[in-house]
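Okay, so here's the structure we're looking at.
The values are calculated or read from the model by the stated rules, or taken from the named source; none is laboratory data. Fair warning: this is a prediction, and the values are worked out from it, not measured in the lab. Glycine also receives a Cβ, built like all others from the backbone with ideal geometry; neighbour counts cover every protein chain displayed. Heads up: the accessible areas ignore ligands, DNA and RNA and are worked out on the full protein's heavy atoms, side chains in. Shrake-Rupley method; radii C 1.70, N 1.55, O 1.52, S 1.80 Å.
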Amino acid sequence: MLEIKYVPTICPYCGVGCGINLVVRNGKIIGVEPYKRHPVNEGKVCPKGNFGYEFINREDRLKTPLIKENGEFREASWDEALDLVASKLKEVSSDDPNKIGFYACARSPNENIYITQKLARVACGTQNVDHCARICHGPTVAGLATTFGSGAMTNGFDSIKESDYIFCIGTNSMEAHPLFARKIIQARKKGAKVVVADPRFTPTAKIADEYVEFKTGTDVALINAMIKVIIDNNLQDKEFIEKRTRGYEELKKCTQKYTLEMASEITGIKEEVIKHLAIEYASADKAAIVYSLGITEHSHGADNVMSTANLAMLTGNIGREGTGVNPLRGQNNVQGACDMGALPTDYVGYRKVQDEKTTQWFNDYYSGYGYEVNLPAEPGLTLVEMMNAAHDGDLKVLYIHGEDPVLSDADIKHTKEALNNLEMLIVQECFLTDTAQCADVVLPAAGWGEQEGTFTNGERRVQCLHKAQEPPGDAWIDWKIMEEIAVRMGVPRPLFHYDSAEEIFDEIRQCAPIMAGMNRERLDTPEALHWPCLSEDDPCKPLMYEDSFKTPDGLGVFQVIEHTGPVETPDDEYPLILTTTRVLFHYHAAMTRRCETLSNEVKTGFIEINTKDAAERGIINNEVVRAFSRRGEIAVPARITDDIKPGIVNIPMHFAECAANVLTNSDSFDPKSKMVELKACAIQIEKFEDDFDIKKDIYNNGTDISIEAEDISTTTVRKEVI
Ligand SMILES: Nc1nc2c(c(=O)[nH]1)N[C@H]1C(S)=C(S)[C@@H](COP(=O)(O)OP(=O)(O)OC[C@H]3O[C@@H](n4cnc5c(=O)[nH]c(N)nc54)[C@H](O)[C@@H]3O)O[C@H]1N2
Ligand SMILES: Nc1nc2c(c(=O)[nH]1)N[C@H]1C(S)=C(S)[C@@H](COP(=O)(O)OP(=O)(O)OC[C@H]3O[C@@H](n4cnc5c(=O)[nH]c(N)nc54)[C@H](O)[C@@H]3O)O[C@H]1N2
Ligand code: SF4
Ligand SMILES: [Mo]
C-alpha cells in the first residue's frame, strides 16, 4: 500500500535553520515540500534545502562497523567494534586522559554533541573536546565574549528587516546563508542601505547599494579608521558610551593614528570612501553589522571581531532591533555545538572549566553509583592543538564524531601525517569520507532525518527535528553508540542511560541555566525558543543586551586593537594571496557532493583569478593550472574574472580533487582564539607545460579534472534563490 507522509524538520546545512517538510513514501525520504508557517524561511528554501536530501539514501552510506587490519577495512559486529574502542579508551585514559581527544559534529543534533563531550569528560576524564567552530567562528566566541560577555549573534534574524543601514563585511550570504540574504533584500526594499566590503565582487556585493573592494586581511585598519572619523566628527553616541561601556579613552587614543591616508594605504580603499562609510554608519538610526568568515578566519580573527564590536558600541548600535553585531554562524548546529560544551574551555551552557566551583559542580553532578569524576579545572586542547599534538606524537587516540578534517583543516599533508601518527583513530560517520578512510575503526551513524533531537540556529533558536525514516543497515544514532562505549569503559549504566533524545535534553536543561526554561511543549512549535531562556515563563526574546551586557559589571568593554595583517604575506616566489570560500550549490563535501542535482550544478573546483594576473601568466579560461604554496600543490581549472581584486585568488573549499587546504597554512595561529589562517596564504600559479598528461598522475589522486573543466562554466549561471 502506498503511504505518503510529511515530516516537518530543519534543513541540515547552514546555520539559518530553515524549516522544511520531508516527503516520505513507504518509509523512505523522497523529497522536500515547503513548510510555509516556518518563521525563518516562510516556505522558501535555497537549492541545498530543496535538493540536499538526496544524499540520505545513497548506496554508499555506512551500514556496518569497520575495523582496519593490515591497511584494509573489514566488516565487524557492533560488539567487536565497541569493545575495541572502549578498551583502547580505557587503557589510554587510565594512563593519561590527556592523550585522548574528541572532535564533535556540528552537523548533528544537540543531544548527540552533549553526549560526545560527556563521553570525553565523564568516561575518559579529559577536557580535550572541540569542534569545527574553532576554525570557523571560534574568534566570534572569543571576541564577543570579551567585549559583550557572550559569544553569539546579538539580534534575531528578523531584526535585520528593521535596519536602515546594513554593513556586510566578510560575508557572502547570498551563497552561504541565502535565506538570511533574503531578509537583507527585504530590508533593502523597505529602504535600508546595504554595503558589502569584500575582496571579491560576490553575489552578495551584486545585490548591495555599495560595494567596497579591499585587500584581504585589512579589516582592522578599515574599522579603526572609521572609528577615528566618527570620533573626529563627534558622531559617537556619548550617552551609550557613558552608561553602557568602559575603555573608551583607550580606544580613542589607539585609533587616532589610523588616519585616512594610512588606512587607505593598508586597505586599498579610497580615503573618501572610508570617510563616507564611517559617517553613514554612525549617522544611521539603526545600523547593523553582519559578518562571517572573511572576518574570523585570520590569524587576527578575534581582533577583527572585537573591532566590529567597538564600532557598534561606539555608535550605540547594539541592544535595539535593527542594530547589532551579527555573525552568521556556519553549520546547521554549530551554535548548538558551542552551547553543548564541545569546547575545551566550557561545559554546557558556557559554564567555565577554569572556574573551580563550576568544575566541582560538574564533577559532583556526573559522579555516583561508586563512580567518581575528577575533571581538572584546566582547559583542554583545541581542535588545532589536538591535531598538532597528534603530529608530535603527544596524542594517542582521536575520536572524531562527524567531522572531515582531512578536507577541512589547513594543510592536508600535515593533517594526514598527524592522523597516521595516532595509535587509534575512531571515526563515527555516515560516509567513508577522506577522514574515515584514515581511521582504524569506523562506526556507522544514523544521519539527519533518521533521528529526533534539536538543532540551534545562528540566532540561538533551538528547533526540533523529527525522524522520517530508519537509519540504513546497522547504523546507530550517535548518542546510543557513545552511551554503549561509556558503559563498556566501566561507567555505571545509570550515569549514561537514555531512552530518548528528549531525556538527554532534560539533562542539558538541568546543567545549562541559559536553557532551563525550554520545555518540550514550548519547544516543539514552529517558532521554537531562543536562548537565553531562563525559566518556563521567560519570553525568550532573541534580542540581547537591551539593558546590560553579560560581562561581570554589565558594561561592554572597548578593546584596543592594532592592525597586524596576515602572517604569510606575498613575496616574489609566492606573489598571490589565496582566499578560500564557498559556492551556493555545495556545502563542504560529504553530503552535497552525493546529491546528484547539486553536483550537476558544480562538478569540480576552480581557482578564480583576475584577468590581469591571468594575462601576465598567459592563462586562459578553464585551463588547468598548477597552484602551489609552501605546503603543497594542486592542479585546478582557472576561472578568469574581474570579480576578484588583482593579487588575490580564490578556491572554493569543497573539492578534494583540487583541495584548497593542500595550500593553506596550519602554522599561523590566532593567539586569542587558536584560529588558523584559512582566508589568507601566499601562493603562486603557473601554466602546466605540455607534459600535463604525464604529470596528472601525481596530482589530485590521479583524477583527470581537465575533462570536467568545461563543466565549471555552469556555475556562473546562478539559480534564482530568492
Ligand atoms: N553554500 C554553502 N553555504 C554554507 C557553507 C558551505 O559550505 N556552502 N558552509 C557554512 C559554514 S560552515 C560557514 S562558516 C559559512 C561561511 O559563510 P561565509 O563566511 O559567508 O563564506 P565564505 O565564502 O567562506 O567567506 C565569505 C567571504 O569572505 C571574503 N573574505 C576573504 N578574506 C576576507 C578579508 O580579509 N576580509 C573581508 N572583509 N572579507 C574577506 C571572501 O571573499 C568571501 O566572499 O557558510 C555556511 N554556509
Ligand atoms: N580552506 C578552508 N578550509 C575551511 C574553511 C574555509 O573557509 N576555507 N571553512 C572551515 C569551516 S567554517 C568549517 S565549519 C569546517 C567544516 O569542517 P567539517 O566539520 O570537517 O565539515 P563537514 O563536511 O561539515 O563535516 C561533517 C561530517 O559529519 C558527517 N555527519 C553529518 N551528520 C552527521 C551525524 O548526525 N552524525 C555523524 N556521526 N556524522 C554526521 C558528514 O557526513 C560530514 O562528513 O571547514 C573549515 N575549513
Ligand atoms: S538557507 Fe541554509 S538552512 Fe535555509 S535552505 Fe539554504 S542551506 Fe538550508
Ligand atoms: Mo563553518
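Just a few scattered comments:
- If the condition is being open to solvent by less than 40 Å² (accessible area, probe 1.4 Å) and away from ligand 1 (no atom under 16 Å from the Cβ), then the stretch 21-50 contributes 21, 22, 23, 24, 27, 29, 31, 32, 35, 38, 39, 43.
- Residue check for residue 77: of a type in the set (Gly, Ala, Ser) and closer than 30 Å to residue 379 by Cβ: no
- Some residue of the stretch 398-412 being in the same structural domain as residue 77 (by TED's automatic domain parsing), over 22 Å from residue 70 (Cα atoms), in contact (Cβ under 8 Å) with a residue 60 or more places away in the chain and more than 7 Å from ligand 2 (Cβ to nearest atom): yes
- Enumeration of residues in the stretch 10-50 that are more than 8 Å from ligand 3 (Cβ to nearest atom) and under 21 Å from the mean Cα position of the chain (by Cα): 19
- Filter result (in a loop (DSSP other than H, G, I, E, B) and either in contact (Cβ under 8 Å) with a residue 40 or more places away in the chain or among the β-branched types (Val, Ile, Thr) (or both)) within the stretch 214-243: 214, 215, 216, 217, 218, 233, 235, 236, 237
- Residue in the stretch 612-634 that is crowded, with 22+ Cβ neighbours inside 10 Å, small (Gly, Ala, Ser) and assigned to a strand (DSSP E or B) present: yes
- The stretch 329-346 residues that are open to solvent by 10 Å² or more (accessible area, probe 1.4 Å), paired with ones that are more than 10 Å from ligand 4 (Cβ to nearest atom) (beta carbon under 6 Å, 6 or more apart): 331/107; 345/353; 345/379
- Qualifying residue in the stretch 128-146 (condition: more than 16 Å from ligand 4 (Cβ to nearest atom) and under 30 Å from residue 449 (Cβ atoms)): yes
- Residue in the stretch 348-370 that is within 16 Å of ligand 1 (Cβ to nearest atom) and either polar (S, T, N, Q) or farther than 26 Å from residue 567 by Cβ (or both) present: no
- Of the residues examined, residue 717 is one that is farther than 19 Å from residue 215 by Cβ and modelled with pLDDT under 95.
- Extreme residue, farthest from the chain's Cα centre (by Cα), among residues of the stretch 122-143 that are away from ligand 2 (no atom under 16 Å from the Cβ) and within 12 Å of residue 345 (Cα to Cα): 126
- Within the stretch 276-314, being of a type in the set (Phe, Trp, Tyr) and either closer than 17 Å to residue 142 by Cβ or within 10 Å of ligand 1 (Cβ to nearest atom) (or both) holds for one residue alone: 291.
- Boolean, residue 415 is closer than 27 Å to residue 670 by Cβ, open to solvent by less than 10 Å² (accessible area, probe 1.4 Å), of a type in the set (S, T, N, Q) and not in a helix (DSSP H, G or I): no
- Flag if residue 11 is away from ligand 4 (no atom under 16 Å from the Cβ) and surrounded by 16 or more Cβ atoms within 10 Å (Cβ to Cβ): no
- Residue that is nearest to residue 577 (Cα to Cα) [pool: residues in the stretch 635-657 that are of a type in the set (Gly, Ala, Ser) and open to solvent by 20 Å² or more (accessible area, probe 1.4 Å)]: 647
- Here the condition is being in the same structural domain as residue 389 (by TED's automatic domain parsing), out of contact with any strand residue (DSSP E or B) (no Cβ under 8 Å at 6 or more places or on another chain) and part of a loop (DSSP other than H, G, I, E, B); of 459, 470, it holds for 470 alone.
- Take the conditions (1) touching a Ser or Thr at 6+ places or on another chain (Cβ under 7 Å); (2) not assigned by TED's automatic domain parsing to the domain that holds residue 433; residue 40 misses just one of them, which is (1).
- Taken over the stretch 450-467, the residue count meeting the criterion of being within 11 Å of residue 9 (Cβ to Cβ) and either under 17 Å from the mean Cα position of the chain (by Cα) or among the hydrophobic types (A, V, I, L, M, F, W, C) (or both) is 3.
- Any strands (runs of 3 or more DSSP E) falling wholly within the stretch 23-101 and containing at least 3 residues that are in contact with a strand residue (DSSP E or B) (Cβ under 7 Å, 6 or more places away or on another chain) and at pLDDT 95 or above: 28-34, 72-75
- Test: residue in the stretch 244-263 that is farther than 30 Å from residue 185 by Cα, in a helix (DSSP H, G or I) and in contact with a strand residue (DSSP E or B) (Cβ under 7 Å, 6 or more places away or on another chain): yes
- Of the listed requirements (1) among the charged types (D, E, K, R); (2) touching a Lys or Arg at 6+ places or on another chain (Cβ under 9 Å); (3) assigned to a helix (DSSP H, G or I); (4) surrounded by fewer than 19 Cβ atoms within 10 Å (Cβ to Cβ), residue 503 misses just one: (2).
- All conditions but one from (1) more than 30 Å from residue 349 (Cβ to Cβ); (2) touching a residue at least 12 places away in the same chain (Cβ under 8 Å); (3) over 23 Å from the mean Cα position of the chain (by Cα); (4) assigned to a loop (DSSP other than H, G, I, E, B) apply to residue 566; the one that does not is (3).
- Residues that are open to solvent by 10 Å² or more (accessible area, probe 1.4 Å) and without any contact (Cβ under 8 Å) to a residue 40 or more places away in the chain within the stretch 162-192 comprise 186, 188, 189, 190, 191, listed in sequence order.
- Counting the residues of the stretch 569-604 that are away from ligand 3 (no atom under 16 Å from the Cβ), in a loop (DSSP other than H, G, I, E, B), open to solvent by 10 Å² or more (accessible area, probe 1.4 Å) and among the β-branched types (Val, Ile, Thr) gives 1.
- Residue 510 vs. criteria at pLDDT 95 or above and part of a loop (DSSP other than H, G, I, E, B): no
- Candidates 288, 278 - the one that is of a type in the set (A, V, I, L, M, F, W, C), open to solvent by less than 10 Å² (accessible area, probe 1.4 Å) and part of a strand (DSSP E or B): 288
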